[in-house]
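K.L.:
I have a structure here, written as structure tokens, and I will follow up with some questions on it.
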Amino acid sequence: MIRPMFGPRKKPKKFNMPLRYYDPKEDERRRRRIRIKPKRRKSKQGMRVFVYAVGLAFVVWIISIL
């Protein structure tokens with residue numbers, strides 16, 4: 001009863017995908033082209049923590065002398 005008041009229901013669009021065949025050589029070519037080799041940097045986190053620890057020890061040593 002309510003359906004005719006709102007008109008016909010919209011149907012989803014049809015999708016026709018062209019058929020493709022798997023080509024392993026083409027897939028490998030794409031992988032090689034897309035692959036990005038990131039440059040690995042050495043982490044400086046350990047050195048930074050060491051410097052902060054030495055600085056803190058120096059501050060504590062100065063305070064203990066005064």
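Please treat every number below as a calculation from the coordinates, not as lab data. What you see is a predicted model; the values in this text were computed from it and never measured. Ideal geometry is used to build each Cβ from the backbone, glycine not excepted, and the neighbour counts take in all protein chains shown.
K.L.:
For the charge dipole of the chain, defined by +1 on Lys and Arg C-beta atoms and -1 on Asp and Glu C-beta atoms about the Cα centroid, which residue among 24, 57, 12 has the Cα displaced farthest towards the positive pole?
P.N.:
Result: 12.
K.L.:
Moving on to the next point. Which distance in nm do the two modelled labels at residue 50 and residue 63 give, with both placed 7 Å along the Cα-to-Cβ direction?
P.N.:
Modelled inter-label distance: 2.5 nm.
K.L.:
How large is the dipole of the chain about the Cα centre if only Lys and Arg carry +1 and Asp and Glu carry -1, each at its Cβ, rounded to the nearest 20 debye?
P.N.:
Values: 21 positive and 4 negative charges, 148 e Å.
Computed charge dipole of the chain: roughly 720 debye.
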